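So the structure is just underneath, and the comments pick up after that.
The values are calculated or read from the model by the stated rules, or taken from the named source; none is laboratory data. Small disclaimer: the values here were computed from a predicted structure and weren't measured. When we count neighbours, we look across all protein chains shown, and the Cβ atoms used for this are built from the backbone with ideal geometry, even at glycine. Only protein heavy atoms, including side chains, enter the accessible area calculation; ligands, DNA and RNA are left aside. Shrake-Rupley method; radii C 1.70, N 1.55, O 1.52, S 1.80 Å.
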Amino acid sequence: QTLFADGCVRYSIDRTPRARSLRCVATSERVLPGSTDAMRWVMADWGMQMVLARDVAERVAPALRPFTSELVARAGLSARDLPRLQFAVHPGGPRIIDGVRAALELEERQVTTSREVLLDYGNMSSATLPHVWKRMLDDPAIAPGTPIVSLAFGPGITISGAVFVKA
């Protein structure tokens, strides 16, 4: 979920729990069949160009609920827990956030942080989610112990997810 970026971010990974941190309790990744041409990076001498089909959100939607249900189950939660969870959605654009919200039947408050980061910084590629995570860590309205489902979408179309618990 954080391979490279247009934005700048620094974070540490440690086995020892710390105050103001996220503890990773589950991860998963899946490439959607037949989606190779829907999202890809083309490398050239002058840099990288992203090729993105207009229907990425529509392609992701049917796979998102089963993917997320399996992901939260790995974290010891169930699909019934979704309404009480926070979501860090890679804000590639408003349609991605809207699509995730609709597919998972989330309330706007569950994706607000992702929208705010998109509004403030735009899509910074892989650096975007760490900015969402940081803002969630700094938000006193998100209590310690709150599970946070992090979702990103990449080339192939790849769905990448993690469940963190705010320390």
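Points to keep in mind about this one:
- The helices (runs of 4 or more DSSP H) falling completely within the range 70-144 that include 3 or more residues that are within 22 Å of residue 11 (Cβ to Cβ) and out of contact with any strand residue (DSSP E or B) (no Cβ under 7 Å at 6 or more places or on another chain) map to 112-121, 128-138.
- Complete set of residues in the range 102-119 that are open to solvent by less than 90 Å² (accessible area, probe 1.4 Å) and more than 12 Å from residue 85 (Cβ to Cβ): 102, 103, 108, 112, 113, 114, 115, 116, 117, 118
- Hits in the range 26-39 (condition: in a strand (DSSP E or B) and either open to solvent by less than 100 Å² (accessible area, probe 1.4 Å) or free of Cβ contacts under 8 Å to residues at least 24 places away in the same chain (or both)): 26, 27, 28, 30, 31, 39
- The set of residues in the range 44-66 being assigned to a helix (DSSP H, G or I) and over 14 Å from residue 101 (Cα atoms) consists of 56, 59, 66.
- Verdict on residue 47 being modelled with pLDDT under 85, surrounded by fewer than 11 Cβ atoms within 10 Å (Cβ to Cβ) and out of contact with any Lys or Arg (no Cβ under 9 Å at 6 or more places or on another chain): yes
- Looking only at the range 145-161, and only at residues there that are touching a Gly at 6+ places or on another chain (Cβ under 8 Å) and either assigned to a loop (DSSP other than H, G, I, E, B) or closer than 19 Å to residue 124 by Cβ (or both), the one that is most open to solvent (accessible area, probe 1.4 Å): 153
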